[in-house]
Structure formats: structure tokens, C-alpha cells
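J.: One structure is given below, represented as C-alpha cells, and several questions about it will come after.
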Amino acid sequence: MLTPFAELLRARRAGTAVGAFTCYDLEAAAGVLRAAADAGAGVILLLGDRSYRDRDGALLLAALVAAARAADAHACVQLDHCDDAAVIRAALEGGAGAVLADGSGLAYEANVAFVAAAVSLARTYGAGVEAELGGITGDEDVARAVAAGALTEPVQASDLMARSGADCLAVSIGNVHGHYREPPLLDLVRLEAIHALVAAPLALHGASGLDDALLRRTIAAGIAKVNVNTELRGAYLRATAGVLDTVVDGSRLSALHASQIAAVEAVVAGKLRAFSAEDA
């Protein structure tokens, strides 16, 4: 059932985080929502900015919103990593329940202004806004991010959230999008300092490849929302490759989709266990 972004974050139990999972189609969304219903957990269906800007992106947004509305689990659809105000407006008009107003590539004051404007707009739709401060890079740019001072600065984080009114903050603490070729070194001391100064929920992006113990440590240090993308794509594609030869004969699309859904569901179920207080 559709649930407001801020409500999902507020409703989580102590010591847990809400899972946010990128969906490129309805098969992925079905896997996420099935796992969430079985776990009794709220989830966020993420729609990437690039996917939304594709020719049929508005249709995918509408489909994800419909899937979330019909689901047994509490769910919200969020436009992820968008740096264009016009695209944010269109997604909100299309039913997105939240957006990540990503001004992390801007100068600090411009980022604050961009997020504040997104918050003002989102409130007219009853939607939530996530901000980002610091550079959450892709595919092992951690060393460059650290060298450039691109990790989230705690005092700035507090200032940005106070001035913008955003509902959630994505932090950069050594995490990256994509694959980790070497074990990541997350700055948990920095995370704790941010958490001490920022009352709003904190989000960790780039969770694919982080082991469960490390994920639980980030949650204990203040993370309330965890984004997962790469592991879902890998499971989806492996499932597709694994059954493709057997379903081509007879054009058994329903069997193909069932395998894709099951693969995503299994990954999400494992992540939701990791995001909970179980075995913490």
C-alpha cells in the first residue's frame, strides 16, 4: 500500500533501516514487494533518474506506483539522484512519493538552495525529499573522493538539513555506487558525528557488496535507509541467463518472469534480514 516517505522512515523499529531497491521493471518491483510483504517490512521502490528520462520512463513510474498501491507491504516510490528541477516536478506530478534532489555536484550554497526549492515543491504533492551532501561516487572512486574532501562534513550536514527542511540525507562516508573491488573502509566515526548533529534520517547508498555485519554497524551508527541496486541487477540477469535456453522453446515468458522475480525476491529477503535487528 502506498505510504508516505517520511512515515516509512519514522515507522521503522529501533536498530533497523528501511530498504530502498532500484527497479527497472515490474518483475523487479514484484520481487521487492513480495519479500517486503513476507518480512512485514516497509520498502522504497527506487526509479533511477536515467530510467525515468527514457522514452517510456513515465509509464514505468506509473506502473511502480500502481504496484506499490496494490502491494500488501507499505511502499513508496522514489525518483533517485535527480539534479533537474523540471524532471523532479514531472515525477511528482506522475505520482512519485519522494525524490532525491541531488545537488551534491553543486557548490554548497547552491545545493542548499536546490534542495530547499525541491522541498517546497514536494510539499505541494505531499511528497518527501532526500538530499545528498558529499560525493557518493561510482565504481571505486573512493580514493579520489577522500582526497578531494568529498566526504560528508557533519556541521555542513546539519546546516543543510536545517535550512532545506529535507526529510532524509544521503551521506558519503567512503561508500560508492556499483562494485567494491576491495573491502570498503567506511568512516563510521564520521557517520556517528553526522548522526549526532542531524536529527533527520540518514541514508547509505552503494550497499551492494557490503557484508551484513558492516551494514548492521552502519545502522547502529545512525543509518535509517539503505539503497541497493547492483546486487539486484546481478541476480536478475543471472536468473535470466540461467533459464533462457529452457524458455525460448514455447516462448514461455511467464516462466522467465517468474525466475526473475524469484531471484530479486531472494536478494531482497536477505537484505531485509540484514537491515533488521536480527542477530545484531
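Conditions tested, residue by residue: (1) outside any loop (DSSP other than H, G, I, E, B); (2) within 12 Å of the chain's Cα centre (by Cα).
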residue	(1), (2)
GLU7	yes, no
ALA14	no, no
ALA29	yes, no
LEU47	yes, yes
ALA68	yes, no
VAL77	yes, yes
HIS81	yes, yes
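J.: Considering only the range 74-129, state which residues are charged (D, E, K, R) and surrounded by fewer than 21 Cβ atoms within 10 Å (Cβ to Cβ).
T.: ASP83, ASP84, ARG89, GLU93, GLU109, ARG123 - these are the residues of the range 74-129 that are charged (D, E, K, R) and surrounded by fewer than 21 Cβ atoms within 10 Å (Cβ to Cβ).
J.: Being surrounded by fewer than 17 Cβ atoms within 10 Å (Cβ to Cβ) and either of a type in the set (D, E, K, R) or touching a strand residue (DSSP E or B) at 6+ places or on another chain (Cβ under 9 Å) (or both) is the filter here, so list the residues in the range 230-247 that pass it.
T.: Listed by number, the residues that qualify are ARG233, ARG238, ASP245.
J.: Tally time: how many residues in the range 63-73 are surrounded by 15 or more Cβ atoms within 10 Å (Cβ to Cβ) and more than 14 Å from ILE44 (Cβ to Cβ)?
T.: Looking only at that region, the number is 2.
J.: Taking the range 236-280 on its own, how many of its residues are of a type in the set (Val, Ile, Thr) and farther than 25 Å from GLY40 by Cα? I'd like the intermediate steps shown before the answer.
T.: Narrowing the range 236-280 to residues of a type in the set (Val, Ile, Thr): 240, 243, 246-248, 261, 264, 267-268.
Filter once more, keeping what is farther than 25 Å from GLY40 by Cα: 240, 243, 246-248.
Number of matching residues: 5.
J.: When both residues are 6+ apart or on different chains and their Cβ atoms are under 8 Å apart, which pairs have a first residue that lies in the range 261-277 and is part of a helix (DSSP H, G or I), and a second that is among the hydroxyl-bearing types (Ser, Thr, Tyr) and at pLDDT 95 or above?
T.: Short answer, once both residue conditions are applied: ALA263/TYR236; VAL264/TYR236; PHE275/THR16.
J.: Considering only the range 37-45, I want to know if a residue exists there that is surrounded by fewer than 17 Cβ atoms within 10 Å (Cβ to Cβ), assigned to a loop (DSSP other than H, G, I, E, B) and without any contact (Cβ under 8 Å) to a residue 60 or more places away in the chain.
T.: Step one: list which residues in the range 37-45 are surrounded by fewer than 17 Cβ atoms within 10 Å (Cβ to Cβ), which gives 37-38, 40.
Filter once more, keeping what is assigned to a loop (DSSP other than H, G, I, E, B): 40.
Those left that are additionally without any contact (Cβ under 8 Å) to a residue 60 or more places away in the chain: 40.
Yes, there is a match, as at least one residue in the range 37-45 is surrounded by fewer than 17 Cβ atoms within 10 Å (Cβ to Cβ), assigned to a loop (DSSP other than H, G, I, E, B) and without any contact (Cβ under 8 Å) to a residue 60 or more places away in the chain.
J.: Please determine whether any residue of the range 202-219 is closer than 19 Å to ALA35 by Cα, touching a Lys or Arg at 6+ places or on another chain (Cβ under 7 Å) and surrounded by 15 or more Cβ atoms within 10 Å (Cβ to Cβ).
T.: no
J.: Do the conditions hold for LEU186, that is, is it at pLDDT below 95, in contact with a Leu (Cβ under 9 Å, 6 or more places away or on another chain), outside any helix (DSSP H, G or I) and within 24 Å of ALA41 (Cα to Cα)? Steps first, please.
T.: On the way: at pLDDT below 95: yes; in contact with a Leu (Cβ under 9 Å, 6 or more places away or on another chain): yes; outside any helix (DSSP H, G or I): yes; within 24 Å of ALA41 (Cα to Cα): no.
Answer is no for this residue.
J.: Which condition number does ALA213 fail, the rest of (1) modelled with pLDDT under 95; (2) under 21 Å from THR152 (Cα atoms); (3) assigned to a helix (DSSP H, G or I) being met?
T.: Checking ALA213 against (1) modelled with pLDDT under 95; (2) under 21 Å from THR152 (Cα atoms); (3) assigned to a helix (DSSP H, G or I), the one that fails is (2).
The values are calculated or read from the model by the stated rules, or taken from the named source; none is laboratory data. This is a predicted model, so every value here is computed, not measured. Glycine gets a Cβ as well: all are built from the backbone with ideal geometry, and neighbour counts include every protein chain shown.
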